[in-house]
Amino acid sequence: MMKRVLVSGGAGYIGSHVTVELLQAGYDVVVADNLSNCDLTCFEGVKKITGRNDIPFEKIDCCERDAVDRLFSEFRIDAVIHFAAFKAVGESVAEPLKYYRNNLLSFLNILEAASAHGGCNVLFSSSATVYGETDRLPVTEESPRQPATSPYGNTKQMCEDILRDTVMATAAYGTEVMSGLDKPGPVKGISLRYFNPIGAHPSALIGELPRGVPNNLVPYITQTAIGKRECLSIFGNDYPTQDGTCLRDYIDVVDLAKAHVAAVSRMTDGRMEDGYEIFNIGTGRPVSVLELVNTFEKVNNIKLNYRFAPRRAGDITAIWADPAKAEKKLGWKAQRTVEETLASAWAWEKHLAGK
Ligand code: UDP
């Protein structure tokens, strides 16, 4: 029987790319999204790319317990990938309770329903933000987490811990996940810690669609290039790095999506070595902001309007992944070059502008 994956937040940026890769790998997918931070543009793109018009779309808010429970009654779900969450760091500082309510409650509801219906495999979308600032680079999964510097980051740490504890407690229900049953079962869990996801699908039919002024670097670059924004501010050129700008590990969104397929198959095929596992998902290559901007200009043959601006509060100097564990255990490795990724980001921006 085909395995079915529930993708919460599946209409969003990463969720839509993951839905494509899951379908192409032969999984059935149910997309659940409340459309609070996106419209149906990417979901329509997913249908076009995959040629599938039959993907179930459930417009639900995962903060509604009954709605989540209903999903698990209606569909036999072998794995859940939980993306549905707020993600703006600055906003989370201004409105912490909104972030704690949304990001925690939705995950609690997923976990309760997952366990109540025979157990389930749960993949949580975590973030490299849990590592905070560290001198010991690259970071491995064993690197200690640092106290979170924003409510957003704190929800990522808390959800990781909630998943770990749930796995431990529900192990009492046995080892075999029997999705779809009307009795409690074990939850198995994987947290994927993403570094900086960027880029778009090579078809240019799905990509990042920020509402309002983008917080993240690449959408700010592409919107400046297309003329939606006047000038990119590079936050800080006095960091202790080779060119003074911050170092990050930019991971292509299609590569990232493939890591989810690898993690889901590890869970659903019973290949986990532990009930709860953590993987870094990055390239292992540090790239500076200035390098990224210059590469964008070069591959797309564009002169970008940018200036150096003061540091942004809360930014760390440098972070990049040691992705060895993901390669060894998931058989996954980033494939696309930064050049390809930045070309895809630009193709998507042009697609949005109708060019
Ligand atoms: N950045 C920048 N200008 C912008 C947005 C981001 O210079 O308009 C820099 C930011 O200081 C950081 C890097 O780009 O060094 C990546 O930032 P982003 O917000 O995309 O991700 P983060 O690493 O903060 O999660």
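The values are calculated or read from the model by the stated rules, or taken from the named source; none is laboratory data. Nothing here was measured: the structure is a model prediction, and the numbers come from that model. With ideal geometry, Cβ positions are generated from the backbone for all residues, glycine too; neighbour counts draw on all protein chains shown. Ligands, DNA and RNA are stripped out before the accessible areas are found, and what is left, the full protein with its side chains, is counted by its heavy atoms. Shrake-Rupley method; radii C 1.70, N 1.55, O 1.52, S 1.80 Å.
Using beta carbons and a limit of 8 Å, which pairs, at least six apart or on different chains, have the first residue in segment 234-255 and at positive phi and the second one more than 8 Å from the ligand (Cβ to nearest atom)?
Short answer, once both residue conditions are applied: Gly236/Gly244; Gly236/Phe308; Gly236/Pro310; Gly244/Asn237; Gly244/Asp238; Gly244/Leu290.
Among the residues that make up segment 136-149, is at least one of them aliphatic (A, V, I, L, M) and in contact (Cβ under 8 Å) with a residue 60 or more places away in the chain?
yes
Could you count how many residues in segment 194-217 are open to solvent by 30 Å² or more (accessible area, probe 1.4 Å) and in contact with a His (Cβ under 8 Å, 6 or more places away or on another chain)?
The number of residues fulfilling the criteria is 1.
Here are some residues: Val29, Val18. Which one is open to solvent by less than 30 Å² (accessible area, probe 1.4 Å) and in contact (Cβ under 8 Å) with a residue 60 or more places away in the chain?
Step by step, each of Val29, Val18 is checked, and only Val18 is open to solvent by less than 30 Å² (accessible area, probe 1.4 Å) and in contact (Cβ under 8 Å) with a residue 60 or more places away in the chain.
State yes or no: is Gly275 at pLDDT below 95 and more than 17 Å from the chain's Cα centre (by Cα)? Even if it seems obvious, please write down each step before you answer.
On the way: at pLDDT below 95: no; more than 17 Å from the chain's Cα centre (by Cα): yes.
Against the criterion (at pLDDT below 95 and more than 17 Å from the chain's Cα centre (by Cα)), Gly275 does not qualify.
Just to be sure, is Ala313 within 20 Å of Asn121 (Cβ to Cβ) and either out of contact with any Lys or Arg (no Cβ under 6 Å at 6 or more places or on another chain) or part of a helix (DSSP H, G or I) (or both)?
On the way: within 20 Å of Asn121 (Cβ to Cβ): no; either out of contact with any Lys or Arg (no Cβ under 6 Å at 6 or more places or on another chain) or part of a helix (DSSP H, G or I) (or both): yes.
No; evaluated as a whole, the condition is false for this residue.
Thr50 passes all but one of (1) open to solvent by less than 30 Å² (accessible area, probe 1.4 Å); (2) touching a Leu at 6+ places or on another chain (Cβ under 7 Å); which number fails?
Of the numbered conditions (1) open to solvent by less than 30 Å² (accessible area, probe 1.4 Å); (2) touching a Leu at 6+ places or on another chain (Cβ under 7 Å), the odd one out for Thr50 is (1).
Among the candidates Tyr239, Tyr220, which residue alone is closer than 29 Å to Glu133 by Cα and open to solvent by 40 Å² or more (accessible area, probe 1.4 Å)?
On the way: Tyr239 fails: open to solvent by 40 Å² or more (accessible area, probe 1.4 Å).
Within the list Tyr239, Tyr220, the selection yields Tyr220.
Can you pull out every residue in segment 324-343 that is polar (S, T, N, Q) and either surrounded by fewer than 19 Cβ atoms within 10 Å (Cβ to Cβ) or touching a Lys or Arg at 6+ places or on another chain (Cβ under 8 Å) (or both)?
Those that are polar (S, T, N, Q) and either surrounded by fewer than 19 Cβ atoms within 10 Å (Cβ to Cβ) or touching a Lys or Arg at 6+ places or on another chain (Cβ under 8 Å) (or both): Gln335, Thr337.
Please work out which residue is nearest to the ligand (Cβ to nearest atom), limiting yourself to segment 210-237 and to residues that are in a loop (DSSP other than H, G, I, E, B) and touching a strand residue (DSSP E or B) at 6+ places or on another chain (Cβ under 9 Å).
Residues of segment 210-237 in a loop (DSSP other than H, G, I, E, B): 210-216, 227-231, 236-237.
Subset that is touching a strand residue (DSSP E or B) at 6+ places or on another chain (Cβ under 9 Å): 216, 231, 236-237.
Details: Asn216: 3, Cys231: 10, Gly236: 6, Asn237: 9 Å.
Here the answer is Asn216.
Go through (1) open to solvent by 10 Å² or more (accessible area, probe 1.4 Å); (2) more than 9 Å from the ligand (Cβ to nearest atom) one by one and return the number of the condition Ala321 breaks.
Result: Ala321 passes all but (1).
Within segment 62-172, which helices (runs of 4 or more DSSP H) (wholly inside it) include 3 or more residues that are open to solvent by less than 60 Å² (accessible area, probe 1.4 Å), hydrophobic (A, V, I, L, M, F, W, C) and farther than 20 Å from Ala11 by Cβ?
Passing ranges, in order: 96-116, 151-170.
Scan segment 238-274 for residues that are of a type in the set (Asp, Glu) and either in contact with a Gly (Cβ under 9 Å, 6 or more places away or on another chain) or within 13 Å of the ligand (Cβ to nearest atom) (or both) and jot them down.
Asp238, Asp243, Asp249, Asp252, Asp255, listed by residue number.
Which residue is nearest to Ala326 (Cα to Cα), if the candidates are limited to segment 178-209 and must be more than 15 Å from the ligand (Cβ to nearest atom) and outside any loop (DSSP other than H, G, I, E, B)?
Leu192
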